[in-house]
Amino acid sequence: MRALTLGTVLVLLLSGCVRRVVLTPPTNTLSDPPPGMVNVSVQSEDGQQWQVRTASERCVTPCTAQVSDAETLRLMNKNDDRILVPALAVEAPNTQHVMLVAEGTHTGEQANGIVFTTLGGMALVTGITLTAVGCSNTAERGGMCTAGLITGGVALPLTAFAIWLIVDAQPKAHVIPIYKSDSKITVAATPLGIVGTF
């Protein structure tokens, strides 16, 4: 049982499914921006510093910028990861305060995706070839047809998952709206669920 639990934890860590949690800023420090503007608290998910650029402001994480809700934010870190965050009004409608969590490239997840895409792609090509040759004459090469179908059936989901790993490893930004109220209650929807102070 212990080996199963350790194996599950290892698979989750290697797949990139487990992330650190960034807490929302205290609500008593939030002041309301002018109409049509949004206060954006920019944080780094992995501790790297990101340069944040807007039309009128520049800062380095962790920082807070006041931007138009239709403005595009540009983020860049020292590894040359770049993120464009278009119109915050789409990601966080009807709020004046937003937390933006920047996440750099996950090199381990990307390397796993590249390796398994290569292996899965080779197996998929082999499966297609075996299926085409074997199924053309099942009386003489029925075993080859079966082997090709099995190989292709295993390789296709592996390759699809590996491609998803490559895409998921790319730099991204999570936009988390922060809703403020006078009753000292703050609620924020995060990628991991709903957090807040009550």
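Looking only at residues in the range 133-164 that are among the β-branched types (V, I, T) and farther than 30 Å from V85 by Cβ, the one that is nearest to the chain's Cα centre (by Cα) is T159. Taking the conditions exactly as written (under 22 Å from I83 (Cα atoms), at pLDDT 90 or above and out of contact with any strand residue (DSSP E or B) (no Cβ under 9 Å at 6 or more places or on another chain)), does V167 satisfy them or not? Answer is yes for this residue. Of all positions in the range 73-91, at least one carries a residue that is at pLDDT 80 or above, polar (S, T, N, Q) and either under 19 Å from the mean Cα position of the chain (by Cα) or not assigned by TED's automatic domain parsing to the domain that holds L156 (or both). Condition test on V60, is it in contact with a Cys (Cβ under 6 Å, 6 or more places away or on another chain) and more than 30 Å from L158 (Cα to Cα)? Considered against the rule, which asks whether it is in contact with a Cys (Cβ under 6 Å, 6 or more places away or on another chain) and more than 30 Å from L158 (Cα to Cα), V60 comes out as no.
Being more than 28 Å from Q51 (Cα to Cα) and among the aliphatic types (A, V, I, L, M) is the filter here, so list the residues in the range 95-143 that pass it. The answer is I114, V115, L119, M122, A123, L124, V125, I128, L130, A132, V133, A139.
Taken over the range 66-104, residues that are among the aliphatic types (A, V, I, L, M) and surrounded by fewer than 20 Cβ atoms within 10 Å (Cβ to Cβ) amount to 7.
For the range 21-33, the count of residues that are touching a Lys or Arg at 6+ places or on another chain (Cβ under 8 Å) and either modelled with pLDDT of 80 or more or crowded, with 19+ Cβ neighbours inside 10 Å (or both) is zero. Name the strands (runs of 3 or more DSSP E) wholly inside the range 56-140 in which the number of residues that are in contact with a His (Cβ under 9 Å, 6 or more places away or on another chain) and closer than 30 Å to I178 by Cβ is 1 or more. Ranges flagged: 97-103.
Taking the criterion of being closer than 30 Å to E45 by Cβ, surrounded by 13 or more Cβ atoms within 10 Å (Cβ to Cβ) and among the β-branched types (V, I, T), the residues of the range 115-159 that qualify are T117, T159.
The values are calculated or read from the model by the stated rules, or taken from the named source; none is laboratory data. Being a predicted model, the structure only gives us computed values, none of them experimental. A quick note on method: Cβ atoms are made from the backbone with ideal geometry, for glycine too, and the neighbour counts reach across all protein chains shown.
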